[in-house]
Each structure stands twice: as structure tokens, then as C-alpha cells.
Amino acid sequence: MLEIENIHVHYGKARVLEDVSLSVARGRIVCLIGANGAGKTTLLRTISGLVRPRTGTIRFLGEAVHNWPIDKIVRSGLVHVPEGRDIFTKLTVYQNLLLGSYTADTRKTVPGDMEKVWDYFPVLKKRRNQIAGTLSGGEQQMLATGRALMARPKMLLLDEPSQGLAPLITEAIFGILRTVNQAGTTVLLVEQNAYKALESSSDGYVLQNGRIVLQGPARELLENRMVQEHYFGA
């Protein structure tokens, strides 16, 4: 579904990603783990068109998308939930969700899509008229994810969904992600909580200093000694 081949990304003279290749099959949850500064966020930003690769190819559903404008990438079904959530803090919950639907082919789909988001996140329905900036961190993450779902994604790119959240809220967020995936949305997940990411994924990649150093089924990576020592504190 998503194929990344030999991507190089530089910020000025600084090399951030070097010869990165990975793939995400339809219907899977794939995680990308690594230390701070490894290049994880940059990779997601490159996939979604916010950063342009110096060399390499990104294909989504068989189309080379690395030179497409961002709105065309979103319309193709590739939707990014950024680190830090980036909700519209002065708008209501409902208004934030409505903005996520601007790519819908017809406005007739919006009420049904909104109901699906309410089903996933009942707390948002209760707070639909509340100003988004007054929500808790967990509720803001739910809102950012719900807004992305309003765009009818075929694949979600999620950057640090558990950042700053309490363990119980983190567990709830990951449970919702699994439900969204089971409903047909493929997920590429960047997550600092390596154990939770691998536990929730079918496949995983380890990024170090801008390079992929390990990849494989998530269960195998959970048992890998290097992963345990570097990311689990074992």
C-alpha cells in the first residue's frame, strides 16, 4: 500500500534521513520506533508532503506521491495526525471535526462520518460545543484523530499519539486505534513508547541516526535483545 524506497532528507547541510526504505501492507498497523532525534517525525512529514526528499521515491497505492501537493496527498487517502495534535484551539470540537471533512466528495457524507467519530470517541460527542483548547490532553488527541478520520483516510500516519498522556488514557487511545484499524484503516505509527507500539502493531522498524537498523514482525522485535536494551531498559 505504501512503499518508501531509498529516501534521503537533509535540513540544510544536516543529514536527517539516509537511504530509508520501508513498506506498509494494506490493513496492517506498522510502527516506527527510535530515540529522540532519530528522524521519525521527519519521515512522517516527508510521507505527507510537508518535507520534500532530496532523493528517493514514495509510492502510495501504486502512485509516486513524493512530489504531489499536500492537498492531493490527503485526497488520495493518506492523512497525517501530527505530533502535538495541532488542533484549532479557539474553535469548538464540532468545528474542528468539520474542518477535517473538507476533502469529502460530497457534503452528504459528513453526517454519517461524524456519527462514526462519535461512536469511536463518545466523550467528544458530549463536548461537541466545547472550545477545543479547553479539552484535556487525551481528549485533544482523540479530537486530532477524529478530525483525520473525517477525511476518510485509507492510511493514518500517527506521530506520538501517547505523548504526555497518563497510562490509562494511553491504553484507551491505542484501543481505539486498533478498532479503527479493524474497521479497515491502515496505520503507520511513530511512538516513543516502544513497548506499547510494538505490542499494538503487526510489523515494526527501528530507526537510528536517520537509518533503518532493524525491521520485522513486531513480536520478533519485542524479543530482540538490542531493542530490549535500548528501548525497554532491560
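A short reminder: the numbers here are calculations on the coordinates, not readings from a lab. This is a predicted model, so every value here is computed, not measured. Note: ideal-geometry Cβ built from the backbone for every residue, glycine included; neighbour counts use all protein chains shown.
Take every DSSP beta bridge with both residues inside the chain and express the antiparallel ones as a percent of the total, to the nearest 5.
Within the chain, antiparallel bridges account for around 55 percent of the total.
S21 to T179: FRET efficiency via 1/(1 + (r/R0)^6), r the Cβ-Cβ distance, R0 41 Å, to the nearest 0.05?
Computed FRET efficiency for S21 and T179: 0.85.
Using the Karplus curve 6.51 cos²θ - 1.76 cosθ + 1.60 with θ = phi - 60°, work out ³J(HN,Hα) for each residue of the stretch 79-89 in order, rounded to whole Hz, and write x for Gly and Pro.
Once rounded to whole Hz, the list reads 10, 10, 9, x, 4, x, 6, 6, 6, 8, 5.
Relative contact order of the chain, please, whole-number percent, based on alpha carbon pairs below 8 angstrom and at least 6 residues apart.
After rounding, I find 27 percent.
Relative to the longest principal Cα axis of the chain, at what angle does helix 137-149 sit, 0 to 90 degrees, rounded to 10?
It is inclined by approximately 90 degrees.
Points 7 angstrom from Cα along the Cβ direction at K90 and A14: gap in nanometres?
Distance between the two pseudo-spin positions: 3.1 nm.
Compute, for the chain, the length of the dipole vector about the Cα centre, with Cβ point charges of +1 (Lys, Arg) and -1 (Asp, Glu) only. Units Debye, rounded to 20.
About 700 debye.
Summing Lys, Arg as +1 and Asp, Glu as -1, what charge do residues with Cβ under 13 Å from the Cβ of D19 carry, D19 excluded?
Cβ neighbours under 13 Å give a net charge of +1.
With viscosity set to 1.002 mPa s and temperature to 20 °C, compute the Stokes-Einstein D of the stretch 1-132, Rh being the Kirkwood radius across alpha carbon pairs; µm²/s, no decimals.
127 µm²/s
Tell me the angle of helix 110-120 to the major Cα principal axis of the chain, expressed in degrees between 0 and 90 and rounded to the nearest ten.
The angle comes out near 70 degrees.
Within the stretch 1-39, report the trypsin sites (Lys or Arg not before Pro) that DSSP leaves as loop and that have at most 15 other Cβ atoms within 10 Å.
Of the trypsin sites (Lys or Arg not before Pro), the ones in loops of the stretch 1-39 whose Cβ has at most 15 other Cβ atoms within 10 Å are K13, R26.
Pairs K13/K40; K72/K196; K13/K196: which are spaced more than 29 Å apart, C-alpha to C-alpha?
K72/K196; K13/K196, as the Cα separations exceed 29 Å there.
When the helices in the chain are scored as -39500 (n - 2.57) per DSSP H run of 4 or longer and the sum is shared across all residues, what 222 nm value do you end up with, to the nearest 500 deg cm²/dmol?
My calculation for the chain gives -10000 deg cm²/dmol from helical runs alone.
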